[in-house]
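Working notes for the structure below.
The values are calculated or read from the model by the stated rules, or taken from the named source; none is laboratory data. Please read these numbers as outputs of a predicted model, since none were measured by experiment. Please note: Cβ atoms are built from the backbone with ideal geometry, for glycine as well, and neighbour counts cover all protein chains shown.
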Amino acid sequence: MSDPSELLTIGKITGTHGIKGMVKVYLYSGDDRTLRAVEELTLRHSNGVVQSVSVVALQGHGRKTLVSLKGYGTINDVLPLVGGELLVRRDQFPETDPDEYYWADLIGLRVVADGGNQLGLLKEIIETGSNDVYVVQGGEKEYLIPALEDVILNIDLAAGTMTVAPPDGLLDL
């Protein structure tokens, strides 16, 4: 499980919007709940400089989110922010429902098949639209495990494990 004070990247500033200093942000989770829950977050500029910023307003805009930051009131103010990333502390994330997990909590889990076979570590999560796919790396092998209720049997964050029932033939690929 993530360290509560660990900074996690939640999105990237991809452009400006209008002349009043709004930025377009691509949120990696596709969900703005975390951004709405925080008063202050960390901005990492594309040159690596880090600073604290406050969100003044935000609104959905297609697949992106428009964000106004305190102290940035014109397009000239925000142009240098393009390419930067927004980060929040793990303890700033909203609480999840039971059986709901943040990607940051899943990445790095040891993945075990229901028969006890160690498959490897969960390295990446791919969004497909219908369901996520977990990329599990085990030595030279890579497995793509669908994140479906009948495939993911158990997630134990304290133990750092995920138990799966791979569909027939998946481990043979």
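Residue-by-condition table, conditions (1) surrounded by 14 or more Cβ atoms within 10 Å (Cβ to Cβ); (2) assigned by TED's automatic domain parsing to the domain that holds VAL53; (3) in contact with a Lys or Arg (Cβ under 8 Å, 6 or more places away or on another chain); (4) β-branched (Val, Ile, Thr):
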| position | (1), (2), (3), (4) |
| --- | --- |
| TYR72 | yes, yes, no, no |
| ASN76 | no, yes, no, no |
| GLY84 | yes, yes, yes, no |
| ASP97 | no, no, no, no |
| ALA113 | yes, no, no, no |
| SER130 | no, no, no, no |
| GLY138 | yes, no, no, no |
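Pairing residues of the stretch 63-84 that are farther than 15 Å from VAL25 by Cβ with residues that are part of a helix (DSSP H, G or I) and among the charged types (D, E, K, R), at Cβ distances under 8 Å and at least 6 apart in sequence or on separate chains, gives GLY71/ASP77. All conditions in (1) buried (at least 16 other Cβ atoms within 10 Å of the Cβ); (2) outside the structural domain of ASP32 (by TED's automatic domain parsing); (3) touching a residue at least 40 places away in the same chain (Cβ under 8 Å) hold for GLY160, with the sole exception of (1).
Do we have GLU124 as at pLDDT below 95 and assigned to a strand (DSSP E or B) here? Spell out how you get there, then give the answer.
Values: at pLDDT below 95: yes; assigned to a strand (DSSP E or B): yes.
Against the criterion (at pLDDT below 95 and assigned to a strand (DSSP E or B)), GLU124 qualifies.
Suppose we keep only residues that are assigned to a loop (DSSP other than H, G, I, E, B) and among the β-branched types (Val, Ile, Thr) within the stretch 75-111. Which one would you say is farthest from VAL53 (Cα to Cα)?
Residue satisfying both the conditions and the ranking: ILE107.
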